[in-house]
1. Distance in nm between label sites at A:K3 and B:M75, each 7 Å beyond Cα in the beta-carbon direction?
2. Tell me, what is the percent relative contact order of the range B:78-157, built from C-alpha pairs under 8 Å that lie six or more residues apart?
3. Amide H neighbours of A:G54 under 5 Å, counting only residues 5+ apart in sequence or on other chains, H built in-plane at 1.01 Å?
4. What is the pair-distance distribution P(r) of the range A:364-439, computed from all Cα-Cα distances in 5 Å bins starting at 0, with each bin given as a whole percent?
5. In a Debye calculation with equal point scatterers on the alpha-carbon sites of the range A:21-69 and no solvent, what is log10 I(q)/I(0) at q = 0.17, 0.24, 0.31 Å⁻¹?
6. Which angle between 0 and 90 degrees, to the nearest 10, do you get for helix A:412-426 versus the longest principal axis of chain A when only C-alpha atoms count?
7. Hey, got the dipole for the range B:56-123? About the Cα centre, +1 on K and R Cβ, -1 on D and E Cβ, debye to the nearest 20?
8. Multiply the residue gap between A:E280 and A:N407 by 0.36 nm, knock off their C-alpha separation, and tell me the result in nm, one decimal place.
Amino acid sequence: MLKQTKILTKRYDLDESWTLQTYEKTGGYKQARRAMRMTREDIVAEMKAANLRGRGGAGFPMGVKWSFMPPKGDKPHYLAINADEGEPGTFKDRTIMEKDPHSVVEGCIIGCRGIGANAAYIYVRDELHLSKARLWDAIHEARKKGYLGAKPFGVDYPVDVFVHTGAGAYICGEETSLLNSLEGRRGEPRLKPPFPAQYGAFGMPTTVNNLESIAAAVPILEMGGDNFSQLSDLHHMRDGGSRLFGVSGHVNNPGTWECAVGLTLRELIYDLGGGVKGGELLGVIPGGSSTPILRPDEKVHAPNEDDPMHKWHGQSVLDVPMGVDTLRNCGTMLGTCCATVLSDQACPVLAMHNLMRFYRHESCGQCTPCREGSGWIERILDRIVAGEAEIEELDRLHEIAGNIMGNTICAFGEGTAMPALGFLKKFRKEFEDFVRTKGKSSTGRLTIAASSDHRAA
Amino acid sequence: MAFSLTPERQETLQDILSRYPNKMAATIPLLHLCQEQNGWVSDEVVDYVATTLELPTAHVFGVVTFYTLFFTHPMGKHHVWVCRTLSCALNGADEILERCKDKLGIDIGETTEDGQVSLHTAECLASCGTAPMMQIDKEYHENLTLDQVDVLLDRLRS
Ligand SMILES: Cc1cc2nc3c(=O)[nH]c(=O)nc-3n(C[C@H](O)[C@H](O)[C@H](O)COP(=O)(O)O)c2cc1C
Ligand code: FES
């Protein structure tokens, strides 16, 4: 159900929303002050009750993740915040950093307290210069006030926050690759186990959270975890709260909005996104390019009454509330909750080609199935697009993608293979026609409007 | 000639070092700092970073070659990055890129003869809602039209 909220975004429209002055005038830093006097267990309990499913893509419950951190011994603990925001189609974390950076700093204080850490590193991709500057300014303002440093809010528990920058590598959004990059190494993912909670940044217990996840720690403490969770239509499925939704691609009104969890793709595309631009809906990639595409004619099949999806049996996948488990049950993923819309004037073969070029370019090269597989996929697609491929090569694509699945150190492999298989299965006819007619069956383009006549800025 | 940071950047380096439990973690921030001064990461820069952080040269070189934003040869004074990933491609990224190539008279990965501008493609820059977009040096330019591209590129070279 469409329920717009103003919790994470409550300051977005205020003047100089990024300054300490505005932040404190609107209730800022009260929860960090409180958290400094709470026990770790109490903080973690609130996060668990909030049912906040990680906003970075995997959807793991934040409170549970925090509870994996060992009791404080002599080893330092670290909090690492993921603001790599590299998943194609995703543009939400940037809005928080630009418009409300203090909420990130406050979230980091709460997070450090909740996991027994004294330092948080916010890993921001290098290109986001404004985001980095806003975060640093916020950190300096908070330090000056004594909210960070040796005794935050007068409590003898040092907390500091730093911004660390990447240098242009999508893979550094993967949490263990991020940790290597933070340590000053090549951003190659690590084998798990050991998990970051045992052996993370600098070999110490570490929690990695997405930037939106950590910013939400503030309203969670303010409202109480359970109240936060209940905002969601999927509270009963332990998928709580409100979050940022984005939509881009072929929609009339692209953007991001904060809504309670439970919004449907149809509401996102038509009510918020202003509907499909230049044609009818061909398909929608629900949460970043690693999540398999959905077609509007796909229906939920859950005839069994015990099935958690039974409620939506027979309905279009566009009418299912967007949740971590609901979309998984639709054969895709919620991912970053930023959707990409394709109109039927765009060619699905070219869309897949565009994305597979991306994955080949971004594979870190560590695992053979991913390095070679992503290259083969791109080369076959090059041939298809050039009108040089045979129909059998579509089966080769299936095979190659299938061989990547489960055979790589990190989830980049699945993130490449799953959307590849999604395109191939759901647009089989379009792919076959394309190969047979050497592309004549296709509109031959991705862009539907000349860039000079759409949306005058 | 050996590379060294300007005194002002030396101070920044001290601040960077204070953020981490060891020196190696300063590798990427220090490389950024050096590249900002030198325009690219030369062998001398690699040696400087290795010596300063007490790391093997091979480590620093491995890091430099992993990340796309470190350049291992001289580049233009300005950098133009055109995003070509899906949301931008759905909104005219190809045309934007073609216009940049025409206007600058160079291909992707090249630098204009006057050494002013290098043209690159970029992967999704988290600006999909305001596609098509490009980044020029540190600035994002969003909801681009071809006319705006002309103006922006003219401004760079005047
Ligand atoms: C290839 C790849 C890229 C990723 N990129 C990002 C990213 O840019 N931002 C992010 O928050 N998480 C990203 N993730 C997910 C992280 O590994 C991790 O699950 C997340 O940061 C945990 O935070 P959360 O539990 O709060 O969501 C990526 C994962 C993979 C496999
Ligand atoms: S696709 Fe260009 S900014 Fe995301």
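The values are calculated or read from the model by the stated rules, or taken from the named source; none is laboratory data. In this text, all values refer to a predicted model and were calculated from it rather than measured experimentally. Every residue, glycine among them, receives a Cβ derived from its backbone with ideal geometry; neighbour counts consider all protein chains shown. Just the protein is used for accessible areas: all its heavy atoms, side chains included, with ligands, DNA and RNA removed. Shrake-Rupley method; radii C 1.70, N 1.55, O 1.52, S 1.80 Å.
1. Between A:K3 and B:M75, the simple spin-label model gives 4.7 nm.
2. The normalised contact order for the range B:78-157 reaches 40 percent.
3. A:G59, A:F60, A:M62
4. In order of increasing distance, the bins hold 3, 18, 28, 23, 14, 9, 4, 1 percent.
5. -0.63, -0.88, -1.02
6. In chain A, helix A:412-426 runs at an angle near 40 degrees to the longest axis.
7. Here the range B:56-123 has a charge dipole of around 220 debye.
8. 42.0 nm
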